[in-house]
Amino acid sequence: MARLKILNLSKYYGNVTALDEISMEFHPGITGIMGNNGAGKSTLLNILASLLQPSFGAVYLDDRDIFDMDAGYRRLLGYMPQQQEAYRGLRVHQFLEYISVLKELPYKTAHNRIPILLEQFHLQDQQKKYCEDLSGGMRQRLLLAAALLNDPLVLILDEPTAGLDPIERASLREALIQLPAHTITLLATHIVSDLEFIAQELVFMEKGRIKAQGDQSDLLSACPCFISSLSAEDLRKEDPQLKLVNVSYQHGQKLCRVISHTLTPSAATQRVPAGLDDLYLELLSPQA
């Protein structure tokens, strides 16, 4: 089983520390990477895509330094940056052919892979359309197909659903679920619902460091979430450090959803399973 290992990775921009001695391992499957703006996510992904050299530390793919591997690593890499655009003036099929040339794929390999990807991402009926005429969701599916042309061992996705509506995001998530089982997929996003049902592992970053990482179900189980009919003000008398997630109304009753490490269940307050929104707020928000 392949593994991508980060060891004591640091990146400095003058006096600014973007990454601060982080270490972790990634394995096949989808790993979600989350953090507020400035957490270091994009810097990390740029290093893992070999676009940026670290100040210190190293990245290994199966014990081989990715920067020593050079082009050999990039032949195993698929990368979908946040600000990528499909080339105007090219039809969908032409765009994939062009990307296959840039990836130095043999003609026969590209000839076989392109129809498979068009069908996988429901683009076979769009292949004669110009890229600029595609909807946002279709364009993102096309860019994901392009990243997968070389059947990558490592796939890096930076905010792949940014700017998409809920239907288009659901469509792209469906495509991600169909990724090959051997692929190490790293998906950075601010939209936690994109990860809730597809990411096995989660990494939370804060100020260039790893705040938490692990199996999603284990992290959720450790997050103490409560629903209460008491007001947030009354709940804070019991726990001044609690975090208010939201306020909702059910059957005319006002309910507070909170994160607390000291509240105990009562007639008015019940512990409930945490969701990814709860976990994000628990780990990355200041006291509410």
Rank these by accessible area, largest first, 1.4 Å probe: Arg91, Arg173.
Arg91, Arg173
Expected vector for the stretch 168-174, Karplus 3J(HN,Hα) from phi with 6.51, -1.76, 1.60 and θ = phi - 60°, integer Hz, x for Gly and Pro, equals 5, 5, 4, 5, 5, 4, 4
Taking 0.36 nm per residue of sequence separation and subtracting the Cα-Cα distance, how much length would be gained by fully extending the chain between Ser221 and Val101, in nm to one decimal?
38.5 nm
Under a point-charge model restricted to the Cβ atoms of Lys and Arg (+1) and Asp and Glu (-1), what is the dipole moment magnitude of the chain relative to its Cα centre, in debye to the nearest 20?
360
The pairs in Lys11/Lys41; Lys5/Lys211; Lys41/Lys211; Lys103/Lys207 lying past 23 Å Cα-Cα in this model are Lys103/Lys207
Which shape class, rounded, prolate or oblate, goes with the stretch 162-206 when its Cα gyration tensor gives a ≥ b ≥ c as root eigenvalues, a/c under 1.5 marks rounded, and past that a/b bigger than b/c marks prolate?
oblate
Could you list which residues have their amide H under 5 Å from that of Leu105, counting only those 5 or more apart in sequence or on another chain, with H placed in the peptide plane?
none
With θ set to phi - 60°, apply the Karplus curve 6.51 cos²θ - 1.76 cosθ + 1.60 along the stretch 185-200 and write out the HN-Hα couplings as whole Hz, x wherever there is a Gly or Pro.
10, 10, 10, 9, 7, 9, 9, 5, 5, 5, 9, 4, 10, 10, 9, 6
What is the spin-label model distance, in nm, from Asp65 to His190 if the labels are put 7 Å beyond Cα along the C-beta direction?
3.6
Classify the stretch 1-88 as rounded, prolate or oblate from the Cα gyration tensor: take a ≥ b ≥ c as the square roots of its eigenvalues, call it rounded if a/c is under 1.5, otherwise prolate when a/b beats b/c and oblate if not.
rounded
When the chain is fully extended, how far beyond the present Cα-Cα distance does Glu25 get from Tyr249, taking 0.36 nm per residue of separation?
76.4 nm
Give me the dipole magnitude in Debye, nearest 20, for the stretch 1-152 about the Cα centre, with unit charges on the beta carbon: positive for Lys and Arg, negative for Asp and Glu.
420
Can you tell me, using C-alpha contacts under 8 Å and at least 6 residues apart, the relative contact order of the stretch 52-152 as a whole percent?
39
Per-residue ³J(HN,Hα) for the stretch 272-285, Karplus 6.51 cos²θ - 1.76 cosθ + 1.60, θ = phi - 60°, Hz, x for Gly and Pro:
10, x, 7, x, 5, 4, 4, 4, 4, 5, 4, 8, 10, 9
Got a number for the accessible area of Lys129? Probe 1.4 Å, square angstrom, nearest 10.
90
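The values are calculated or read from the model by the stated rules, or taken from the named source; none is laboratory data. Please read these numbers as outputs of a predicted model, since none were measured by experiment. Don't worry about glycine lacking a Cβ; one is built from the backbone with ideal geometry, like all the others, and counts go over all protein chains shown. Quick note on the areas: whole protein, heavy atoms, side chains included, nothing else; ligands and nucleic acids left out. Shrake-Rupley method; radii C 1.70, N 1.55, O 1.52, S 1.80 Å.
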